[in-house]
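The values are calculated or read from the model by the stated rules, or taken from the named source; none is laboratory data. Given the structure is predicted, the values throughout are model-derived calculations rather than measurements. Backbone-built Cβ (ideal geometry, glycine too); neighbour counts: all protein chains shown. Ligands, DNA and RNA are stripped out before the accessible areas are found, and what is left, the full protein with its side chains, is counted by its heavy atoms. Shrake-Rupley method; radii C 1.70, N 1.55, O 1.52, S 1.80 Å.
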Amino acid sequence: MNKFHVVFISAPSNIGNLVPIVEFARHLTNHDPRFLATMLMINMSERPIVNAYIQTCRATASNINFINLPPVEPPSPDEYQTSLGYTCLLIAKHKLHVKDAITHLMATVTVRITGLFVDMFCTSMIDVANELDIPCYLYFASPVSFLGFMLSFPYLDAAQFSTEFVDSESGLMVSKDPGSELIIPGFANPLPPMVLPNRVLYKKQEGYLWFLHHASRYKETKGMVVNTFQELEPYAIDSVSKWGWPPIYPIGPVIDHVEPAQWHPERDQHDKIMEWLGEQPPSSVVFLCFGSMRSLSGAQLREIAVGLEQSGLRFLWSIREPPKRELELPGEYTNEKLEEILPPGFVGKGVGLVCGWVPQALIFGHQAIGGFVSHCGWNSILESVWCGVPIATWPLYAEQQMNAFELVKELELAVEIRVDYREGSDLVSAEELERALRCLMNDNSEMSTRVKEMKEKSRMALLPNGSSHKSLASLILELTALI
């Protein structure tokens, strides 16, 4: 039996990008045992959570080989202005090490390397693939709708953004015509500019240039593997596929269902949370969680607390403390600090549970969960769809505003709290949240019915003859045809 070797590399800064690419490697090798997989790991000392995750993977993913790349001199502060700039420069500094590691694999492993998979911020490694004559594929951990925007970004930069937009006093790029909207491949509806990522809206900052740099290189890959499925994004997949860009392979939903409860350094609360959920009626609890990369202000937390009280709903609320230093991730509040921030007597009330980090995928699978207030990260969306849990949109950063727009306006799978919320936005009021929660927890709504139907479609997609199963088969055919 012929064997095939594939190599993966991901940005070290974001666990939300790393986990999906590792899960895809696991999915591919489980699906077709002819494949061997190697993950090349870039160390970033500011992200110890990544190391904890990889240690668990080494023990549980026997069909994936993890190689730690040698350290490099980190970028100096005068070379970057943002965490994204730091990460992209750090990755690029590893090009020689990546080339050496792959060259060593080619010399010592008799199985030919048939593909190098890079994530959305590792496009500098396309150069390494070209030098070694290895086909390079993009692994995209966000939706196809956002991929359509990124592929269009160089054209927007050269045309619309240069002629129809100006910088406001705050530095935010705004349209000369207040009613202007964007026509983007992947979106059936015109896109309001204010749902674009902050990195794009602040044109004079380095984040804009980094997004533009990576977006301009996606078309150099041989194909684009996306963690989505045809039934979830039919318009986006079909419309983006018509533009002559590299082929799209929707292979999702690929989800890490249980591992965070095993490897996360802040998993101690898990048993308490699951015990509390076990005491609640089915579909009665609204789950509020805003991801691993951001946290909300004290004033906003107080508004949420009042909104939850006014709703009278049971709730599970994950609150994270802002990072203490640049490049670090949010951490855990002490109970004393939470009691200082939230309204008097709120912590410990019987109808809800306030906690820190939670094993989100396991929470979604609990029968007590009836709704999810989400930052609209794509991994979280896929997890909630898989479990049939309706979403209320509260985006914070990255492409989450566009994800929220897609969920609410394109797919009609979510309740809108906001689709354009971001750091610096007006507070979401307690009344605004309360109204959204009542809609979210209405189990008889048309939206709730659509979510339940999408749950079944998400599972069918991965079965033999399912859309993602067929797409993965096409990718495998492409990879193996090169031998």
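Annotations for the structure displayed:
- Close Cβ contacts (under 7 Å, 6 or more residues apart or on different chains) running from residues in the stretch 25-37 that are over 18 Å from residue 102 (Cβ atoms) to residues that are open to solvent by 70 Å² or more (accessible area, probe 1.4 Å) and at pLDDT below 95 comprise 34/1; 34/2; 34/3.
- Matching entry among 80, 86 (being over 22 Å from the mean Cα position of the chain (by Cα), farther than 30 Å from residue 471 by Cα and either buried (at least 18 other Cβ atoms within 10 Å of the Cβ) or of a type in the set (Phe, Trp, Tyr) (or both)): 80
Residues checked against (1) at negative phi; (2) touching a helix residue (DSSP H, G or I) at 6+ places or on another chain (Cβ under 8 Å); (3) assigned to a loop (DSSP other than H, G, I, E, B):
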site: 84; (1), (2), (3): yes, yes, no
site: 88; (1), (2), (3): yes, yes, no
site: 99; (1), (2), (3): yes, yes, no
site: 107; (1), (2), (3): yes, no, no
site: 111; (1), (2), (3): yes, no, yes
site: 114; (1), (2), (3): yes, yes, no
site: 122; (1), (2), (3): yes, yes, yes
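- In the stretch 28-71, the qualifying residues are those that are in a helix (DSSP H, G or I), in contact with a strand residue (DSSP E or B) (Cβ under 8 Å, 6 or more places away or on another chain) and not β-branched (Val, Ile, Thr), and the one that is surrounded by the fewest Cβ atoms within 10 Å (Cβ to Cβ) is 58.
- Restricting the stretch 97-109 to residues that are of a type outside the set (A, V, I, L, M) and touching a residue at least 24 places away in the same chain (Cβ under 8 Å) leaves a set whose member that is least open to solvent (accessible area, probe 1.4 Å) is 97.
- Residue pairs meeting the criteria (Cβ under 8 Å; at least 6 apart or on separate chains; first closer than 19 Å to residue 411 by Cβ, in the stretch 433-455; second surrounded by 15 or more Cβ atoms within 10 Å (Cβ to Cβ) and of a type in the set (D, E, K, R)): 436/416; 454/231
- The single condition from (1) in a loop (DSSP other than H, G, I, E, B); (2) among the hydroxyl-bearing types (Ser, Thr, Tyr); (3) open to solvent by less than 40 Å² (accessible area, probe 1.4 Å) that residue 139 fails is (1).
- Strands (runs of 3 or more DSSP E) contained in the stretch 335-409 and holding at least 1 residues open to solvent by 10 Å² or more (accessible area, probe 1.4 Å): 352-355, 369-374
- Among (1) open to solvent by 30 Å² or more (accessible area, probe 1.4 Å); (2) part of a loop (DSSP other than H, G, I, E, B); (3) in contact with a Leu (Cβ under 9 Å, 6 or more places away or on another chain) - the single one residue 232 does not satisfy: (1)
- Under the condition of being part of a loop (DSSP other than H, G, I, E, B) and more than 18 Å from residue 395 (Cβ to Cβ), the residues counted in the stretch 427-445 number 5.
- Verdict on residue 127 being charged (D, E, K, R), open to solvent by 30 Å² or more (accessible area, probe 1.4 Å), touching a Lys or Arg at 6+ places or on another chain (Cβ under 8 Å) and at pLDDT 95 or above: yes
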